Amino acid sequence: MSVHKNIKKVTTHVLNEMKLKGEKIAMLTAYDYSMAKIIDQSGIDVILVGDSASNVMAGYDSTLPITLNEMIYHASSVVRAVKRSLVVVDMPFGSYQGNSKEALSTAIRIMKETGAHAVKMEGGEEVLESVKRIISAGIPVMGHLGLTPQSIHKFGTYVVRARDEAEAEKLKKDAILLQNAGCFSIVLEKIPSKLATQVTNSLSIPVIGIGAGAGVDGQVLVIHDMLGITQEFSPRFLRRYHNLYQEIKGATEAYIKDIKNREFPNEKEQY
Ligand code: KIV
């Protein structure tokens, strides 16, 4: 029997149950009320208010510029729309790497001011103290390993991570550390599927993949990529379920044409 079909409210415990029963977890990003309402009503398990908002909503070329106040604005808009999904919010770059006290204040602001259910942080051992402090305050934390876009200037590129032995070993160690620290789940981004499957099998908490193959417990995509609103971003792992760019462009062109031709509004569309 599917856990997903019968659940009225997804919690971290529900995700654990899904892992135990072998039911895959479906996660998508959202950054605004209207989109969050549609995907919540479609039955998505987890909504991530990702710092990818920096790229797809604000037009920056990395996730680094988005601020805590901006993340809070996006997250509170999403939470107002959601009835069923678990809402996880990315802690933005610079808001938790400094020290664990600052990290806790960031997480508390997110929980208090947005009503979200959990936060997500990038990194392993380097951020462990902050992860532990936040969890000890009763705030659920999702980890994020592999390609961690907030470290783009360290990596220098968005290519697949942990292909070499040393990085793969560190990733496996970090995953265990995050689980032992109390993380309820981990995202693995853009790593070899064999490694992702190994990590998934070694953990009791759910592992959500993006570009990490099919052996993980669930999948996440950025909604603008999955709906085909973004055009230029085409990594191998991305499956586009629609070409919304063309749909929106076509509708806009039709609207412009109707106005120019004096066909909108017609008799029935006025008072
Ligand atoms: O910010 C984001 O959208 C993310 C996902 C790609 C996992 O972190």
Q. Roughly how many Å is it from the Cα centre of the stretch 13-29 to that of the stretch 80-97, as a whole number?
A. 18 Å
Q | Where labels lie 7 Å past Cα in the beta-carbon direction, separation of TYR158 and GLN246 in nm | A | 2.2 nm
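For the peptides 184-194, 120-130, 159-169, what is the packing order when you average, over each peptide's residues, the other Cβ atoms within 10 Å and list the highest mean first? It would help to have the intermediate numbers written out before the result.
Values: 184-194: 22.3, 120-130: 19.9, 159-169: 13.9.
My ranking of the peptides, most packed first, is 184-194, 120-130, 159-169.
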Q: Can you tell me the relative contact order of the stretch 12-56? Whole percent, Cα pairs under 8 Å, sequence separation 6 or more.
A: 37 percent
Q: With the full set of protein chains in place, find how many percent of the accessible area of the stretch 3-240 is carbon and sulfur; take the probe as 1.4 Å.
A: 54 percent
Q.
For the chain, what does the relative contact order come out to in percent, with C-alpha contacts under 8 Å and a separation of six or more?
A. 15 percent
Q | Whether the stretch 137-271 is rounded, prolate or oblate, judged on the alpha carbon gyration tensor where a/c under 1.5 counts as rounded | A | prolate
Q) Using the eigenvalues of the Cα gyration tensor, what equivalent ellipsoid semi-axes result for the stretch 139-187 when each is taken as the square root of five times the eigenvalue, whole Å, largest first? A) 21, 14, 7
Q: First check a/c for the stretch 1-143, with a ≥ b ≥ c the square roots of the eigenvalues of its C-alpha gyration tensor; if it is under 1.5, answer rounded, and if not, answer prolate when a/b is larger than b/c or oblate otherwise.
A: oblate
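Just from its helices, what would the mean residue ellipticity at 222 nm be for the chain, if runs of 4 or more DSSP H residues each count -39500 (n - 2.57) and the sum is divided by every residue, rounded to the nearest 500 deg cm²/dmol? List each step's numbers first, then the result.
Values: 12 runs with 118 residues, N = 271.
Calculated mean residue ellipticity at 222 nm is -12500 deg cm²/dmol.
Output the peptides 55-64, 69-78, 100-109 sorted from most to least packed, where packing is the average of other Cβ atoms within 10 Å over each peptide's residues. The partial results should precede the final answer.
Values: 55-64: 15.1, 69-78: 20.5, 100-109: 17.9.
Highest-to-lowest ranking by the protection proxy: 69-78, 100-109, 55-64.
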Q.
On the Cα set of the stretch 3-240, report Rg and Dmax in Å, please.
A. 16.2, 44
Q. Distance from the Cα centre of the stretch 113-141 to that of the stretch 173-248, in angstrom?
A. 19 Å
**Q.** Bridge type composition, the chain - antiparallel percent by DSSP, nearest 5
**A.** 0 percent
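Between GLU253 and ARG80, what length comes free when the chain is fully extended (0.36 nm per residue of separation minus the Cα-Cα distance, one decimal in nm)? Intermediate results must be reported in sequence, preceding the final value.
Values: separation 173, 0.36 × 173 = 62.28 nm, distance 3.22 nm.
The GLU253-ARG80 span can extend by a further 59.1 nm.
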Q: With a ≥ b ≥ c taken as the square roots of the eigenvalues of the C-alpha gyration tensor of the stretch 184-239, please select rounded if a/c is under 1.5 and otherwise prolate if a/b is larger than b/c or oblate if it is not?
A: prolate
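The values are calculated or read from the model by the stated rules, or taken from the named source; none is laboratory data. Computed from a prediction, not measured in an experiment: that's the story for all the values here. Neighbour counts are summed over all protein chains in view; Cβ atoms, including those assigned to glycine, are modelled from backbone coordinates with ideal geometry. Just so you know, the surface numbers come from the protein's heavy atoms only, side chains and all, with ligands and any DNA or RNA stripped out. Shrake-Rupley method; radii C 1.70, N 1.55, O 1.52, S 1.80 Å.
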